[in-house]
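What follows is a single structure, written as structure tokens, with notes after it.
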Amino acid sequence: MMLKRLSPLLICIALVMPAQPAAAQPTPESISVSGSNQIPINGLVKLAGPELSQVRKVLIDGVPASFIANSQNLITIRVPMGVEPGDASITLEGGFGKTSLGNLFEITAFDLPPDAKITVGSFSGYAALYTKNYQSRRLSFKIGSTWRVVEKLPDNFTANLTRVGSGTTVTVTVYIDRELVRVQQIQVR
């Protein structure tokens, strides 16, 4: 068997040939809202369109939003607290890069007093939920697996304690007038 020698010129050409670019992933396009186009803060909105299972990050008006890919062509997004009411600007990020969408839905206001506050904390084996300026509102909350409901908050400042034990990690879910306003995981001291 006879071996042929390659010329140095052919070797140099092979070394300088650029690699073929990887095929770009298709970008989600033709996005539409499935259901109502008026979504309250902390409400759910479903987006339909091709390639939505590729989405890895969602921003609504620049605020990160939680989401779940229901299928290849449908995702459900929770409108995060802190987003202002009005027309929403959505940014989807994934293997396709980044794409921005507008005028798909309107965010409606959730009527909370501007100086109202909810604080979640812990001490001595108790999970603590403090409210400020929610007098006469309905408070319901879940700490771990324990639900508590206060039909009408008696004062502008309230402390709501639930014994869970030190060293326990629990999720606290808070509703005001049956609207979800906060979810927070805490390590009980």
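Can you report the number of residues in the range 143-182 which are of a type in the set (S, T, N, Q), in a loop (DSSP other than H, G, I, E, B) and open to solvent by 70 Å² or more (accessible area, probe 1.4 Å)? Don't jump to the end; show me each part of the working.
In the first step, residues of the range 143-182 are kept if they are of a type in the set (S, T, N, Q); the result is 145-146, 156, 158, 160, 162, 166, 168-169, 171, 173.
Keeping just the survivors that are in a loop (DSSP other than H, G, I, E, B) gives 145, 156, 166, 168.
Now drop any that are not open to solvent by 70 Å² or more (accessible area, probe 1.4 Å), which leaves 145, 166.
Matching residues across the range 143-182 total 2.
Across the range 130-142, what is the total count of residues that are open to solvent by less than 30 Å² (accessible area, probe 1.4 Å) and in contact with a Ser or Thr (Cβ under 6 Å, 6 or more places away or on another chain)? Spell out the reasoning first.
From the range 130-142, those open to solvent by less than 30 Å² (accessible area, probe 1.4 Å) are 131, 134, 139-141; that's our starting set.
Now restrict to residues that are in contact with a Ser or Thr (Cβ under 6 Å, 6 or more places away or on another chain): 131.
The qualifying residues number 1.
Within the range 120-175, can you find the residues that are among the charged types (D, E, K, R) and either in contact with a Gly (Cβ under 8 Å, 6 or more places away or on another chain) or in the same structural domain as Met81 (by the TED database) (or both)? If you could, list the steps in order and put the result at the bottom.
Filtering the range 120-175 for residues among the charged types (D, E, K, R) gives 132, 137-138, 142, 148, 151-152, 155, 163.
If the condition is that a residue be among the charged types (D, E, K, R) and either in contact with a Gly (Cβ under 8 Å, 6 or more places away or on another chain) or in the same structural domain as Met81 (by the TED database) (or both), then Arg163 is the only one that fits.
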Meets criteria (open to solvent by less than 30 Å² (accessible area, probe 1.4 Å), within 28 Å of Ile176 (Cα to Cα), assigned to a strand (DSSP E or B) and touching a residue at least 60 places away in the same chain (Cβ under 8 Å)) for Val120:
yes
For the range 48-73 the number of residues that are open to solvent by 50 Å² or more (accessible area, probe 1.4 Å), free of Cβ contacts under 8 Å to residues at least 24 places away in the same chain and among the polar types (S, T, N, Q) is 3
Could you list, in sequence order, all residues of the range 74-117 that are touching a residue at least 24 places away in the same chain (Cβ under 8 Å), part of a strand (DSSP E or B) and open to solvent by 30 Å² or more (accessible area, probe 1.4 Å)?
Leu74, Arg78, Ser89, Glu93, Gly97, Leu101, Leu104, Glu106, Thr108
Selection count where residues are modelled with pLDDT under 90 and more than 13 Å from the chain's Cα centre (by Cα), scope the range 60-86
3
If Tyr130 satisfies all but one of (1) in contact with a strand residue (DSSP E or B) (Cβ under 8 Å, 6 or more places away or on another chain); (2) more than 24 Å from Gln185 (Cα to Cα), what's the number of the condition it fails?
(2)
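The values are calculated or read from the model by the stated rules, or taken from the named source; none is laboratory data. These numbers were taken from a predicted model, which means no experiment stands behind them. FYI the Cβ positions are ideal-geometry reconstructions off the backbone, even for glycines, and counts take in every protein chain you see. We work out accessible area using only protein heavy atoms, side chains counted, and drop any ligands, DNA or RNA first. Shrake-Rupley method; radii C 1.70, N 1.55, O 1.52, S 1.80 Å.
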